[in-house]
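Heads up: the structure comes next, in structure tokens.
The values are calculated or read from the model by the stated rules, or taken from the named source; none is laboratory data. Keep in mind the model is a prediction, meaning the values are calculated, not measured. Quick reminder, even Gly has a Cβ in these numbers, built from the backbone with ideal geometry, and neighbours come from all protein chains shown. Surface accessibility is based on the protein's heavy atoms, side chains included, excluding ligands, DNA and RNA. Shrake-Rupley method; radii C 1.70, N 1.55, O 1.52, S 1.80 Å.
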Amino acid sequence: MVWGGGGEGGDARFARKCYVYAQAHGGYMAGYVRRVGIKSLPSPDRLYGPENKCWEVILETITSGGSLSTALAKHTWMPSVMQARRHIANDLAYQARYEKALQDRADKLAEEIMEIADLTPPEGLEPAAMSAWVADKRLRVDARKWVAAKLQPKRYGDRIDVAVTDTRISVMDALAQAKQRVLQDSSDVVDVESRDVEC
């Protein structure tokens, strides 16, 4: 079975990943991978099945403010970006947990904004160094604000919802409805003629 181009780009890299993963998970598979070789390795989908602990590591990293790329770079036995995205798209239960982790990430980034804003500048900075320090903090705050606004636009977005619903009444429609009600009224109505009364 072949999972990609030859050489380091495909099978060999996947075999090394399987071996490292096996060692990280108790080593019981490491000897098997060494003995059997590339042809008998499990497919990437089986290796990164729903029970794999890498999916929990991804959720924990994202909840604590990291990105998917940061999570996947944590360990050598993590899946590729494409495998992770495929798993998120195909596993609906995991997809809901991933969306919740993204919401939590936005909250974490908002907390980090406050921490960065509350930092006091180091003592004795030259004016140029102070400007650089302030610019660095502004960049860090702006980046977190942007990501938080994209992840939770209703809570952290700058846009104000000004949706207007049209509640105007059509006078012609109101008159037509009133006329219809009068015509349908079957109660006993007596017409009375007016007459002048002397006082």
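Which length gain, in nm to one decimal place, applies between T167 and K74 when the Cα-Cα distance is subtracted from 0.36 nm times their residue separation?
This chain segment gains 28.0 nm when fully extended.
If you place +1 on the Cβ of every Lys and Arg and -1 on the Cβ of every Asp and Glu, how big does the dipole about the Cα centre of the stretch 57-199 come out, in debye to the nearest 20?
1220 debye
Can you classify the stretch 65-199 as rounded, prolate or oblate using the Cα gyration tensor, where a ≥ b ≥ c are the square roots of its eigenvalues, rounded means a/c under 1.5, and otherwise it's prolate if a/b beats b/c and oblate if not?
Details: a/c = 6.21, a/b = 2.32, b/c = 2.68.
Oblate shape, in that a/c is at least 1.5 and b/c is the bigger or equal ratio.
If the limit is 24 Å between Cα atoms, which of K108/K150; K100/K150; K108/K154; K74/K137; K108/K137; K53/K74 go over it? Show your work: numbers first, answer last.
On the way: K108/K150 14 Å; K100/K150 14 Å; K108/K154 16 Å; K74/K137 26 Å; K108/K137 17 Å; K53/K74 13 Å.
In this structure, K74/K137 lie more than 24 Å apart at Cα.
Mind giving me the FRET efficiency for I116 and R85? R0 is 25 Å, r the Cβ-Cβ distance, nearest 0.05 is fine.
0.25
Cβ neighbours within 10 Å, averaged per peptide: list 118-131, 61-74 in order, most packed at the top.
61-74, 118-131
What spacing in nm lies between the two simple spin-label points modelled at L175 and Q103, each 7 Å away from Cα in the Cβ direction?
5.2 nm
Report W77's accessible area, 1.4 Å probe, all protein chains in place, as a number in Å² to the nearest 10.
20 Å²
Between E123 and Q95, take the C-beta separation as r, use R0 = 45 Å, and let me know the FRET efficiency to the nearest 0.05.
For R0 = 45 Å, the calculated efficiency reads 0.40.
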